[in-house]
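The values are calculated or read from the model by the stated rules, or taken from the named source; none is laboratory data. Please read all numbers here as calculations on a predicted model, not as lab measurements. Glycine gets a Cβ as well: all are built from the backbone with ideal geometry, and neighbour counts include every protein chain shown. Accessible surface is based on the protein model in full, side chains and every heavy atom, while ligands, DNA and RNA are left aside. Shrake-Rupley method; radii C 1.70, N 1.55, O 1.52, S 1.80 Å.
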Amino acid sequence: MTSLAGAKNAAVPAPPVAAKKSVVDTYHGVKVDDPYQWLEKKIDDPEVGKWVQGQTAHMRATLDKLPSRDAIRTRLTALLGHESPAHFALVQKGGTLFALKFQPPRQQFMLVVLPSVEDVSSARVLLDPAELDPSNHTAIDFFVPSPDGKKVAVSLSKDGTESGDVTVYDVATGKPLPGEVVPRVNGGTAGGSLTWNADGTGFFYTRYPRGEERPAADRDFFQQVYFHELGTPTDKDTYELGKDAPRIANYQLETSEEGTHVFALLGNGDGGEYALYLRGSQGTWTQLSKFEDKVVEASFGKDGALYLLSRKDAPRGKVLRLPLATPSLDKATVLLPEGQAAITGFRPTASRLYVNEQLGGPSQLRMVGLDGKDLGLVPTPPVSSVGGVVPLGGDDVILFNSSYTESATAYRYGAKAGTLTKTALGRTLPVDTSNLQVERVMCTSKDGTQVPLNILHAKGLKLNGNNPTLLTGYGGFGASISPGFSPLNSFFIEQGGVVAIANLRGGSEFGEEWHAKGSLTQKQNVFDDFHACARLLVDKKYTRPQRLAIQGGSNGGLLMGAALTQHPELYRTVLAHVGIYDMLRVELTPNGQFNTTEYGTVKDPAQFQAMYAYSPYHQVKDGVKYPSVLFTSGENDPRVDPFHSRKMVARLQAATGSKRPVLLRTNNMGHGMGTPLTEAIEEEVDVYAFLFHELGMKYQPVTGKVNVPAPK
């Protein structure tokens, strides 16, 4: 197998050597060298800018000469640019159905109004970001229609920053209401939320500090809830809630069906702690739950009650019913007790609740009467994902279902007849997946925990230890990795590859205990789980280390850094996207402070020791033969500062004892949200050209809607 150094025999400029500058930080008596701390400065710093420019030149010269780039681009454009429309985030208000629509070659999601779920061809575009910004760098963060469906509030942000201002649009004309722009509602740290009042004359919203209200270092924090009345200047908006909240507070807002009540679910950073507040009909706020009460989700019913998802003494979750007439948590009763499946959410309708349940990755939808009676399961396929439940009136709903072989499709569930009917809101597949096989196996982690691994490949695969294999994982923030169709997975498999997707601790595939066992001082469990999955792929002869690649992004990028530093001999190449690599200084960034409730803080001695022990940047060892790595980052990323990738690249390039490349690919967008389609495709061309070359895969051109091939 060749290395990139020999590709096409063309000269490639060497990457610039990062200067080592003596910096020593001390934590609880432990001295920590940080020679590349200067790379934490912004890209406009001359020294940092010059270094990044040199890395980019090295990366471009290396990747541009790889074989089959044009053919790979053609195929990825056909797959990712598949023109069958996709619809997401459905909401029905005032009899009007709203959705986000993605239809290549359009570069961004559009906001559309649908006449019905059976008539997508007549969808009317209410807002196309491309008409506001021909550069295609403006994106919709979220939208919220008014109760009568006549107005819609839309958060828009630019360049991947997620820093969104809200504009109010008239639904009939598609034109913005004059003067109705509310700034700094959404952000990449605390997110953003909005909910209308009963008559649609105004809305409650999340407000970040404006102007000189706080020092510059505090302006991505201290989110509060305000109310905006239409037709009045936004500087006259009234304060509602949040002055006494934590610095890293974030909110989810919702209004009751009749408009008399509003709740605010306050999140304490990103670690899964919440407190619930209720605004009554008299306009006063009451705290219903504290962090220790472990109420993690709420939704208003249509029966004068507030329904709560609680994990108090129930790590897999239980559902409570709280009458609004007696708004005190001690008046709540258990509607659905904890069961074997992990409850991840629910949606009330007229006389029942639709409850999402996690089964270790796959999910199902349970129905429960408002009297607590179990009404059974909605008949969705096994090893699939179900969610996005949209009430249609009565107990009928729309739901989305997807699997590894089927794209997300909207179904209508008729409660009375118990029938599930496919609607027109389904995206056709760009490939034929009938020859795709999905295996679900269990891997034994270091402490004996059984960890699910989903293995996707063409039928008839030979277990000869020679199949190019791509293993992915995430393992954090309680995020469950559920089955879903990926055109990129199909692309790799149609070239003879195997894709493996791990359900690691740190997610909530098995409830809060599964999450907790992969967070704070127990984060190492996530990396041990991933290692067990990689070992199984080798031991069972799906592949061998020389043909095993791994990929992850964000928290999954941290996973990549830990995997390559802890077990460098096990992987041939690593694809690490927008990841966190310096665990000791991550909390000095805005979103890093929100992450402390998930990862921990260096201020706590035990948490410092745990993070230092796995922090990828600090665990790179001189002379170790590391695998090849492609790091990607975004200069406008509000969630993970690009300095993490810079420092990790500098450290690895200086330390590695192998001749395998360590590349940095940076762009002028953010964490991935809002990236235009063509720019996303170009990044994937680089990623897969690099991956194919490193794994010794020769790209085989395909055209049209091809079947995943059977092995030769």
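Between S22 and T421, the distance separating the two model label sites (each 7 Å from Cα on the Cα→Cβ line) works out to 7.7 nm. Residues whose amide H lies under 5 Å from that of R665, counting only those 5 or more places away or on a different chain, are F631, T632, S633; hydrogens are built 1.01 Å from N in the peptide plane. Summary of packing: across the peptides 56-62, 574-580, the per-residue average of other C-beta atoms within 10 Å ranks them, highest first, as 574-580, 56-62.
Semi-axes of the equivalent ellipsoid of the stretch 316-445: what are they in whole Å, largest first, if each equals the square root of 5 times a C-alpha gyration tensor eigenvalue? Provide the component values of the computation, followed by the final result.
Details: eigenvalues 180, 80, 23 Å².
For the stretch 316-445, the semi-axes come out at 30, 20, 11 Å.
Net charge dipole, the stretch 318-369: roughly 160 debye, given to the nearest 20, about the Cα centre with Cβ charges of +1 for Lys and Arg and -1 for Asp and Glu. Taking amide H as placed 1.01 Å from N in the peptide plane, L241 has its amide H under 5 Å from the amide H of V225, each at least 5 places away in sequence or on another chain.
Loop only by DSSP, 11 or fewer other Cβ within 10 Å of the Cβ. Give me the trypsin sites (Lys or Arg not before Pro) in the stretch 120-211 that pass, ordered by residue number. Spell out each step's value before the answer.
Numbers: sites: R124, K150, K151, K158, R184, R207, R210; in loops: K150, R210.
Sparse-neighbourhood loop trypsin sites (Lys or Arg not before Pro): none present.
Summarising the amide proton neighbourhood of G192: residues at separation of 5 or more, or on other chains, whose placed amide H is nearer than 5 Å comprise G187.
For the stretch 485-498, 3J(HN,Hα) computed residue by residue from phi via the Karplus equation (6.51, -1.76, 1.60; θ = phi - 60°) reads 6, 10, x, 5, 4, 4, 4, 5, 5, 5, 9, x, x, 10 Hz, glycine and proline entered as x.
To put it simply, the accessible area of the chain at a 1.4 Å probe is 51 percent carbon and sulfur. Per residue, the convex hull spanned by the Cα atoms of the stretch 65-139 measures out at 108 cubic angstrom. Here the Karplus relation 6.51 cos²θ - 1.76 cosθ + 1.60, evaluated at θ = phi - 60°, turns the backbone of the stretch 130-146 into coupling constants of 5, 6, 7, 8, x, 6, 6, 9, 9, 9, 7, 7, 6, 9, 9, x, 6 Hz, with x for every Gly and Pro.
Any idea what the alpha-carbon Rg over 2.2 N^0.38 Å comes to for the stretch 397-486? Walk me through the numbers on the way to the answer.
Values: Rg = 17.1 Å, N = 90, 2.2 N^0.38 = 12.2 Å.
Against the compact-globule rule of thumb, the ratio is 1.41.
Give me the accessible area per residue for the stretch 1-147, probe 1.4 Å, as a whole number in Å².
Details: 7180 Å² over 147 residues.
With all protein chains present, the stretch 1-147 gives 49 Å² per residue.
Taking the stretch 598-696, which trypsin sites (Lys or Arg not before Pro) meet the DSSP loop condition and have no more than 12 other C-beta atoms within 10 Å? Intermediate results must be reported in sequence, preceding the final value.
Details: sites: K603, K621, K625, R639, R646, K647, R651, K659, R665; in loops: K603, K621, K625, R639, K659.
Taking the stretch 598-696 and a limit of 12 other Cβ atoms within 10 Å, the loop trypsin sites (Lys or Arg not before Pro) found are K603, K621, K625, K659.
Measuring from centroid to centroid over Cα atoms, what is the spacing of the stretch 213-276 and the stretch 522-565 in Å? Here the two parts' Cα centres lie 39 Å apart.
Taken per residue, the accessible surface of the stretch 549-644 reaches 25 Å², heavy atoms only and a 1.4 Å probe. 3J(HN,Hα) couplings calculated from phi for the stretch 328-335 with the Karplus curve 6.51 cos²θ - 1.76 cosθ + 1.60 (θ = phi - 60°) are, in sequence order, 9, 4, 6, 8, 6, 10, 7, 8 Hz; Gly and Pro show x. Length, then width, then depth: along the principal axes, the Cα atoms of the chain run 72, 56, 53 Å.
Over the stretch 432-485, average the accessible area per residue using a 1.4 Å probe and give it in Å², no decimals. Mind showing how you got there, number by number?
Values: 2100 Å² over 54 residues.
The answer is 39 Å² per residue.
Computed over the chain, relative contact order equals 12 percent, with contacts defined as Cα pairs under 8 Å that lie 6+ residues apart.
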